[in-house]
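I have placed the structure first, in the form of structure tokens, so that the comments after it can refer back to it.
The values are calculated or read from the model by the stated rules, or taken from the named source; none is laboratory data. Note that the coordinates shown come from a computational prediction; the quantities given were computed from them, not determined experimentally. Here Cβ is always computed from backbone atoms with ideal geometry, including for glycine, and neighbour counts include all displayed protein chains.
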Amino acid sequence: MDRRRFLTATGVAGIGCLGGCLSTRLDASGAVDFELWNKTEKMHSVDVTIRDADDETVLNQSYEIEQAGSGSTPGGTVINETGFTQATPDEQFVAVALLNRDQRYEHRYQATCITEDTDDVFIIEIESGRETSLGFDQSLCD
């Protein structure tokens, strides 16, 4: 077999393999977790509502979270909501958070790392700088 035919054959086989994996992953459904972090020196209250693309509420919870250093997690105190909903890759969510009953924040999340073995994690962090605020983050795919 000459080099050109070999490269063509392996390229087609490789694309076929990837196509199968990608279609399985796009059809996959997996859990979504939520983490609320407090990285400040004060206790805070946070009301969190997360809605899916159909505007259905999938999480609606009020939290009182202790100041950083009061738990055993380095870098802050964390509250976990494991598997609060199921999602497929690229499914979108809107999170609305009310910090200390008066500061409203909104953020859009998109499920990106859904597989059978990997959950997506949506994160809200209470941070302090000039003033206390909320930051939003999420897990990254490996």
What number of residues in segment 75-97 are at pLDDT 90 or above and more than 16 Å from K42 (Cα to Cα)?
15
When the residues of segment 85-142 are narrowed to those that are farther than 21 Å from E56 by Cα and of a type in the set (K, R), which ends up surrounded by the most Cβ atoms within 10 Å (Cβ to Cβ)?
R101
From the list S45, S29, S72, exactly one residue is at pLDDT below 90, more than 18 Å from Y109 (Cα to Cα) and surrounded by fewer than 17 Cβ atoms within 10 Å (Cβ to Cβ). Which is it?
S72
Matching residues in segment 120-134 - criterion: being under 20 Å from G75 (Cβ atoms) and in contact (Cβ under 8 Å) with a residue 12 or more places away in the chain
V121, F122, I123, I124, E125, I126, E127, S128, T132, S133, L134
